[in-house]
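See structure below.
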Amino acid sequence: MIKKLIYISILTLIFSCSKNPEDFKQHLSGYWEIKEVTLKNGTKKQYTINQTIDYIKINEDSIGFRKKLKPNFSGVFETSNSLEDFIFKIENDSLNLYYKTPFASWKETVLHATKNQMQIINQNKDLYLYQRYTPIVIE
């Protein structure tokens, strides 16, 4: 448990010192799929196939949303009307996303974001590794 907390602290420190969180914003919008989750207790879960992906959209006015989509082989996404709105803020050299739905509110911190990869840690200290979604093309 202590080793995991030290690992997360070091990881957070490395990413927060090495990149300006202001730069992360330009990479957030788009289609993302989870590749790996490292739980607070150190357990890792790999995602080789995802039935859903996340579509994230941020606006210039510090507001955005995340929506779950289900891709199909024709290149079209199935979706519902539900989405999770968030406000993003840069605080203490971190890019934080504050979500609020009728059922809950929570915070996530973007540790790293590039054109093709993103790492987010949630309030439970679960670490999510995302990869930019690439559609599967069947000819």
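Output wanted: per-residue J couplings in Hz (rounded whole) for region 78-83, from phi through Karplus 6.51 cos²θ - 1.76 cosθ + 1.60, θ = phi - 60°, x for Gly and Pro.
Result, ordered by residue: 8, 8, 10, 7, 7, 8 Hz.
Out of the chymotrypsin sites (Phe, Trp or Tyr not before Pro) in region 85-119, which ones are loop residues according to DSSP with at most 10 other C-beta atoms within 10 Å? Before the final figure, lay out the partial values.
Values: sites: Phe86, Phe88, Tyr98, Tyr99, Phe103, Trp106; in loops: Phe103.
When the chymotrypsin sites (Phe, Trp or Tyr not before Pro) of region 85-119 are filtered for loop state and at most 10 Cβ neighbours within 10 Å, Phe103 remain.
For region 14-73, run through the chymotrypsin sites (Phe, Trp or Tyr not before Pro) and keep only the ones in DSSP coil with at most 14 other Cβ atoms within 10 Å of their Cβ.
Hits after loop and neighbour filter: Phe73.
My understanding is that a pair violates if its Cα-Cα distance is over 24 Å; which of Lys44/Lys100; Lys57/Lys115; Lys19/Lys45; Lys44/Lys89; Lys19/Lys125 do that in this structure?
Lys44/Lys100; Lys19/Lys45; Lys44/Lys89
Quick one: net charge around Thr48, please, counting Lys, Arg +1 and Asp, Glu -1 for every other residue with C-beta under 15 Å from its C-beta.
+1
Could you give me the ³J(HN,Hα) list for region 24-35, computed from phi with Karplus coefficients 6.51, -1.76, 1.60 and θ = phi - 60°, whole Hz, x at Gly and Pro?
Rounded to whole hertz, the list is 5, 4, 5, 9, 5, 5, x, 9, 10, 10, 6, 9.
For Ser80, what is the net charge nearby, where nearby means another residue's Cβ is under 14 Å from its Cβ and Lys, Arg count +1, Asp, Glu -1?
Net of charged neighbours comes to +1.
Out of Thr101, Ile49, Gly30, whose Cα points farthest toward the positive end of the dipole of region 2-132 (charges: +1 Lys, Arg; -1 Asp, Glu; placed on Cβ)?
Ile49
So how far apart, in nm, are the two label points at Leu83 and Asn124 if each is 7 Å from Cα heading toward Cβ?
Rounded to a tenth, the inter-label distance reads 2.5 nm.
Give the residue list of trypsin sites (Lys or Arg not before Pro) in region 55-128 that are DSSP loop and have at most 10 other beta-carbon atoms within 10 angstrom.
Lys115
Throughout, read-outs are computed from the coordinates displayed, never taken from laboratory work. Please read these numbers as outputs of a predicted model, since none were measured by experiment. Every residue, glycine as well, gets a Cβ built from its backbone with ideal geometry; the counts of neighbours run over all protein chains shown.
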